[in-house]
Every structure is written in structure tokens, then in C-alpha cells.
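Below is one structure, written out as C-alpha cells; the observations come after it.
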Amino acid sequence: MKRALIVVSHGSRREASNEEVKRLAQLLSTHQENSFDDVSAAFLELAEPSIPDGIAAAIDRGADEVTVLPYFLSAGRHVTLDIPAEVDKARRQRVDAVIRIAPYIGSAPEMSEIVLRMANNNAGR
């Protein structure tokens, strides 16, 4: 079974912001703890690929199972409504794979440690 991870962010008119998310996906793909065969990025709006297109591309590359990871800090409208709606579109179009949504990044228990580490590293500058 081939597994894919798609890191989903909002998308930006500023291409450099979209490239940051694509670079994160590339870093994740080479990380020693990565258990996915394919890692890529997709966007809710303002950038390509869209979530359904990103999912379809991963399946076309051979994925049997796709995990969508919302790269968002809080459970606002995009996390609770918009991303699930886009994933549902992809599920209807691509019944040949299992498509799941992972918890959003901001819900990770480690987030408080990350925030404090970053703040402490920059204190007094």
C-alpha cells in the first residue's frame, strides 16, 4: 500500500508564501521519521494545486491512501468546514483511494513547546 501526505495551507497571492509550504512538504519527504511514500502541498484557495487536484495527483502517482494535514493554527472555518468540503469533493471523484483528514497543526500538544522555544530564542534581540 502506498501512502501520501498532503500538507494543506490557505494559499496566498504572495508566491513566496506558497513556496514556503512546498519547501516544508519537501523537507517532510526527506525527514527520518517520514512514513509516507509521497509528500506534497496543496492549497485551499489563491494557489495551485487545489486540494482535490493535489489529492488526485497523489493517487495518480500511485497512492492508495491519502492523508490531508491542515497546516493551520486554529480550528476556524477553513479547518472545520472548507477543508472537509474540499476533501469530500475529492472522495467523490476518486473512490479508488482512502482519503483521511489529520488533526490541524495547531492542535498538536507540542505546539506550546514550539511557541515558547521560538519566543525564548528571540528574547532580548
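Each value in this text was obtained by applying a stated rule to the coordinates, not by laboratory testing. Since the structure is predicted, the reported quantities are computational estimates derived from the model, not experimental observations. Note that each Cβ is placed from the backbone with ideal geometry, even for glycine, and that neighbours are counted across all protein chains shown.
Between the amide H of Val68 and those of Ile6, Arg100, Ile101, Ala102, distances stay under 5 Å, these residues lying 5 or more places away or on another chain, with hydrogens modeled in the peptide plane.
Put a plus charge on the Cβ of each Lys and Arg, a minus charge on the Cβ of each Asp and Glu, and nothing anywhere else: the dipole of the chain about its Cα centre is then about 220 debye. Remark: segment 23-32, residue by residue, has Karplus-estimated 3J(HN,Hα) of 5, 4, 4, 5, 4, 4, 5, 9, 5, 5 Hz, where x stands for each Gly or Pro and the curve is 6.51 cos²θ - 1.76 cosθ + 1.60 at θ = phi - 60°.
Since only Asn121, Leu44, Ala108 are under comparison, the one whose Cα sits farthest along the positive direction of the charge dipole of the chain, derived from C-beta charges on Lys, Arg, Asp and Glu, is Asn121.
Note on segment 84-125: with charges restricted to the Cβ of Lys and Arg (+1) and Asp and Glu (-1), its dipole about the Cα centre is near 140 debye.
Please report the net charge: other residues with Cβ closer than 13 Å to the Cβ of Val98, K and R +1, D and E -1. Could you put the intermediate results ahead of the total?
Working: positive: Lys2, Arg3, Arg91, Arg94, Arg100; negative: Asp64, Glu65, Asp96.
Neighbour charge sum, excluding Val98 itself: +2.
For segment 74-122 versus segment 39-58, the spacing of their alpha-carbon centroids is 14 Å. Under the criterion of Cα pairs below 8 Å and six or more residues apart, the relative contact order for the chain equals 27 percent. State the antiparallel share, in %, of DSSP beta bridges confined to the chain, rounding to the nearest 5. Given both bridge residues lie in the chain, the antiparallel proportion sits at roughly 0 percent.
Distance between the 7 Å Cα→Cβ label points at Ser107 and Arg61: 2.5 nm.
Extent along the principal axes, Cα only, for segment 59-104: 31, 16, 12 Å, with the longest axis given first.
How charged is the neighbourhood of Ile51? Take every other residue with its Cβ under 14 Å from the Cβ of Ile51, and add Lys/Arg as +1 and Asp/Glu as -1.
Once positives and negatives cancel, what remains is -1.
Distance between the 7 Å Cα→Cβ label points at Leu27 and Ala123: 2.4 nm.
What does the highest-first list of 50-63, 95-108, 78-91, 25-38 look like by mean Cβ count within 10 Å?
Values: 50-63: 19.6, 95-108: 14.4, 78-91: 16.9, 25-38: 12.6.
Top of the packing list down: 50-63, 78-91, 95-108, 25-38.
Considering only Ala58, Gly76, Ala16, and ranking their Cα positions along the charge dipole of the chain that arises from unit charges at the beta-carbon of Lys, Arg, Asp and Glu, the one farthest toward the positive end is Gly76. For the chain, the longest principal axis of the Cα atoms and the long axis of helix 51-60 meet at an angle of about 60 degrees. Grab the other residues whose beta carbon is less than 13 angstrom from that of Ala85, score K and R as +1, D and E as -1, and report the net. That works out to 0.
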